[in-house]
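Below is a structure I'd like to ask you about.
The values are calculated or read from the model by the stated rules, or taken from the named source; none is laboratory data. It should be emphasised that the depicted structure is a prediction, and the values quoted were computed from it without experimental measurement. Methodologically, a virtual Cβ is constructed for each residue, glycine included, from the backbone with ideal geometry; neighbour enumeration extends over all protein chains shown. For the accessible areas, the whole protein counts, side chains as well, though only heavy atoms, and no ligand, DNA or RNA atoms are used. Shrake-Rupley method; radii C 1.70, N 1.55, O 1.52, S 1.80 Å.
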Amino acid sequence: MTGAGLQSLEALASAIPNGASVAIPPDYSFVAMAATRALIRRGARQLQLLAVPQSGIQADLLIGAGCVESIECAAVTLGELGPAPRFSAAVSSGRVAIKDSTCPAIHAALQASEKGLPFLPSRGIIGSDLLKVRTEWRVIDNPFPPHDPIVALPALKPDVALFHAPFADRRGNIWIGRRRELVTMAHAATRTFVTVEEVRDLDLMDDETLAAGALPSLYVSVIAEAKNGAWPLGLAGFYEADDAALRRYAELASSEAGFARYLGEVLGARQAAE
Amino acid sequence: MPPRFSQAELLIVTVARLLEGVEHVAVGASSPIPGSAAFLAQAWAGGETRVTVLGSRRNNDFTDGGRELFDCAAQGRIGAFFLGGGQIDGRGNVNLVGLGHYPNLDVRFPGSFGSAYLYFLVPRVILFREEHSPRVLVPQVDFISAPGTSAPGVHRPGGPHALVTGRALFSFDKTRTRFRLESVHPGETPASIRATTGFDYDDPATPATTIPPDEKTLALIRGPVRAAIAEVYPRFAARLVPPEAA
């Protein structure tokens, strides 16, 4: 493999330094859960999470395990399974700092970095208390008619983008299909770390239909293989979420003791496979 | 004898009626009843209504990632959307962040999602919250995730259209910036709504009773609607069984 280097899952997790800002995709996208467990195993600390634009079990796990100092997000929830308990507890107590946002503001701020711009303007938001708590957001005058007030969102440039994908090719290009937020994350981030189900002996650029869903290795720093790397979440089009495992998490994570038990059960049991 | 129906079925039909004539309905996070209503409206329109469900593969043709829903709304291509709220106040402000003094909240909710944007841009935003109580429908929200109305000069083609709860249906009057009671669900009275609503609102002399779903509508809800919503909300779909079968 040329371009991005193929490394072990442990090496990938070790290459994400403590204190790094880490952009992660939503639960319905391609989430690097095996890498998340590897980060917990290596005792990652003070991560500054950026949920693009929301997260679920991934952020909740990292927060519960003490890996997170702050989180910027439009929401964190376990969806049909209810609130994200470790997130709710940590944010209410102030143990984890929160930068509350709204989905399109996170997308736009990453797009600003994609384009090398200092900010992007956004509609909406004016009159929301988000403007009061996000003091770096500014209301400016649209310089063009109708000269209405508009919100300027400073660019977000995460140190790391981290996600899982169905496969990489032998040159380190990643197939992401239509999960284009992963492309935006990779364009905006300084370095992108990707786990994949497998490395296939082909070149995505040889086939236009595959190339259309590819993230070029140009943007990718590290790749590691992780079979079922999104578990217990699903990988849309490849495998479904493990409903029972997600339910088990929601039950146990509702208390700190239960969460510790979950970590004990899952980290050890999965390590052999990961 | 009129058919038996569940609370969920009544709410689905109530929300679906509000979607008449909308070409494209988008459904966001944690929205099984609004999602079911969108599929019912689609069935009524003979499949002509486009329904986009966040988190779905079968009912989501977006190919530009997470931002496309918002870009699509900004382009004016989404006619209706749904917002919930841990708190909703009488001016249509919604709070999805939490209770108490920010940031050290007494109760933390998931977060504002896309509300601070879509509420401004989607013409027909339907507020949906099954719990109808003074703790949810409050005089003033603790945190404004998204405001019900905006000052003149702020770009705002969208906003609140109606509020559907487990007890009643309200419309929203943008000029008066107040809700108006449109109908009370079977079993409720104007007095019971007044007693369980924490904010002031307008009401007609004799509010209507929300019309329950008929046999044909129930068959749609229990058939194609239930099948469609099961992809994203399997637990909800499993509960959406006819009362006589339960």
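Are any residues in the stretch B:152-173 surrounded by fewer than 18 Cβ atoms within 10 Å (Cβ to Cβ) and within 14 Å of chain A (Cβ to nearest Cβ), and if so, which ones?
If the condition is that a residue be surrounded by fewer than 18 Cβ atoms within 10 Å (Cβ to Cβ) and within 14 Å of chain A (Cβ to nearest Cβ), then B:Pro152, B:Gly153, B:His155, B:Pro157 are the ones that fit.
Could you look through the stretch B:91-142, keep only residues that are more than 7 Å from chain A (Cβ to nearest Cβ) and hydroxyl-bearing (Ser, Thr, Tyr), and pick out the one that is least open to solvent (accessible area, probe 1.4 Å)?
It comes out as B:Tyr119.
Right, next: If I ask for residues that are under 19 Å from the mean Cα position of the chain (by Cα) and surrounded by fewer than 14 Cβ atoms within 10 Å (Cβ to Cβ), which ones from the stretch A:209-236 would you list?
A:Lys227 - this is the single residue of the stretch A:209-236 that is under 19 Å from the mean Cα position of the chain (by Cα) and surrounded by fewer than 14 Cβ atoms within 10 Å (Cβ to Cβ).
Of the residues in the stretch A:91-115, how many are open to solvent by less than 10 Å² (accessible area, probe 1.4 Å), of a type in the set (D, E, K, R) and more than 7 Å from chain B (Cβ to nearest Cβ)?
Going through the stretch A:91-115 one residue at a time, the tally reaches 0.
Something else now. Give me a count of the residues in the stretch A:140-183 that are assigned to a loop (DSSP other than H, G, I, E, B), more than 22 Å from A:Ala211 (Cβ to Cβ), touching a helix residue (DSSP H, G or I) at 6+ places or on another chain (Cβ under 7 Å) and away from chain B (no Cβ under 14 Å).
So the count comes out to 3.
Being facing another protein chain (nearest Cβ under 9 Å) and in contact with a strand residue (DSSP E or B) (Cβ under 8 Å, 6 or more places away or on another chain) is the filter here, so list the residues in the stretch A:69-88 that pass it.
Hits for the stretch A:69-88 are A:Cys73, A:Ala74, A:Ala75, A:Val76, A:Thr77, A:Pro83, A:Ala84, A:Phe87, A:Ser88.
Do you know which residues across the stretch B:115-153 are closer than 21 Å to B:Arg194 by Cβ and without any contact (Cβ under 8 Å) to a residue 40 or more places away in the chain?
The one that is closer than 21 Å to B:Arg194 by Cβ and without any contact (Cβ under 8 Å) to a residue 40 or more places away in the chain: B:Glu131.
I'd like the residue in the stretch A:189-204 that is part of a strand (DSSP E or B) and of a type in the set (D, E, K, R) and, out of all such residues, is least open to solvent (accessible area, probe 1.4 Å).
Pass one, the stretch A:189-204, residues part of a strand (DSSP E or B): A:191-199.
Retained after the next criterion (residues that are of a type in the set (D, E, K, R)): A:191, A:197-198.
Details: A:Arg191: 89, A:Glu197: 20, A:Glu198: 63 Å².
Filtering the stretch A:189-204 for residues that are part of a strand (DSSP E or B) and of a type in the set (D, E, K, R), the one least open to solvent (accessible area, probe 1.4 Å) comes out as A:Glu197.
Might you let me know whether the stretch B:59-67 holds any residue that is assigned to a loop (DSSP other than H, G, I, E, B), on the phi > 0 side of the Ramachandran plot, of a type in the set (A, V, I, L, M, F, W, C) and within 11 Å of chain A (Cβ to nearest Cβ)?
Just the residues of the stretch B:59-67 that are assigned to a loop (DSSP other than H, G, I, E, B), to begin with: B:59-67.
Checking the rest, the ones that are also on the phi > 0 side of the Ramachandran plot come to B:65.
Next, only the ones that are of a type in the set (A, V, I, L, M, F, W, C) stay: none.
No: the stretch B:59-67 contains no residue that is assigned to a loop (DSSP other than H, G, I, E, B), on the phi > 0 side of the Ramachandran plot, of a type in the set (A, V, I, L, M, F, W, C) and within 11 Å of chain A (Cβ to nearest Cβ).
Sticking with this one: May I ask you to list the residues in the stretch A:153-166 that are open to solvent by 10 Å² or more (accessible area, probe 1.4 Å) and touching a strand residue (DSSP E or B) at 6+ places or on another chain (Cβ under 7 Å)?
Applying the first criterion (open to solvent by 10 Å² or more (accessible area, probe 1.4 Å)) to the stretch A:153-166 yields A:154-157, A:159.
Once the filter is applied, which keeps residues that are open to solvent by 10 Å² or more (accessible area, probe 1.4 Å) and touching a strand residue (DSSP E or B) at 6+ places or on another chain (Cβ under 7 Å), the stretch A:153-166 yields A:Pro154, A:Ala155, A:Leu156, A:Asp159.
Among (1) within 12 Å of chain B (Cβ to nearest Cβ); (2) within 30 Å of B:Asp61 (Cβ to Cβ); (3) surrounded by fewer than 16 Cβ atoms within 10 Å (Cβ to Cβ); (4) not basic (Lys, Arg), which single condition is A:Ala186 missing?
Here A:Ala186 clears every test but (3).
Looking at the stretch A:22-63, which of the residues that are of a type in the set (A, V, I, L, M) and assigned to a strand (DSSP E or B) is nearest to the other protein chains (Cβ to nearest Cβ)?
In this case the residue turns out to be A:Ala51.
Next question. Within the stretch B:177-227, restricting attention to residues that are in contact (Cβ under 8 Å) with a residue 24 or more places away in the chain and among the small types (Gly, Ala, Ser), which residue is nearest to B:Ala37 (Cα to Cα)?
The extreme case among them is B:Ser183.
Restricting to the stretch B:234-246, count the residues that are closer than 15 Å to B:Ile12 by Cα and either at pLDDT 90 or above or of a type in the set (A, V, I, L, M, F, W, C) (or both).
The first filter runs over the stretch B:234-246 and keeps only residues closer than 15 Å to B:Ile12 by Cα, leaving B:236-237, B:239-242.
Right, trim to either at pLDDT 90 or above or of a type in the set (A, V, I, L, M, F, W, C) (or both) and you get B:236-237, B:240-241.
Residues in the stretch B:234-246 being closer than 15 Å to B:Ile12 by Cα and either at pLDDT 90 or above or of a type in the set (A, V, I, L, M, F, W, C) (or both): 4 in total.
Mind checking which residues of the stretch B:68-99 are touching a Pro at 6+ places or on another chain (Cβ under 7 Å) and either part of a strand (DSSP E or B) or at pLDDT below 95 (or both)?
Hits for the stretch B:68-99 are B:Phe82, B:Asp89.
Let me ask something else. Can you say whether A:Glu69 is surrounded by fewer than 20 Cβ atoms within 10 Å (Cβ to Cβ), of a type in the set (D, E, K, R) and touching a residue at least 24 places away in the same chain (Cβ under 8 Å), as far as the supplied structure shows?
Yes.
Which one of B:Pro147, B:Pro213, B:Pro190 is surrounded by fewer than 20 Cβ atoms within 10 Å (Cβ to Cβ) and on the phi < 0 side of the Ramachandran plot?
Just a single option satisfies the conditions, and that option is B:Pro190.
Next question, about the same structure. Take B:Ala29 and tell me if it is without any contact (Cβ under 8 Å) to a residue 40 or more places away in the chain and under 12 Å from the mean Cα position of the chain (by Cα).
no
Looking for whichever is at pLDDT below 95, in a loop (DSSP other than H, G, I, E, B), more than 21 Å from A:Lys227 (Cβ to Cβ) and open to solvent by 10 Å² or more (accessible area, probe 1.4 Å) here; the options are A:Gly3, A:Gly19. Which one fits?
Checking each option against the conditions leaves just A:Gly3.
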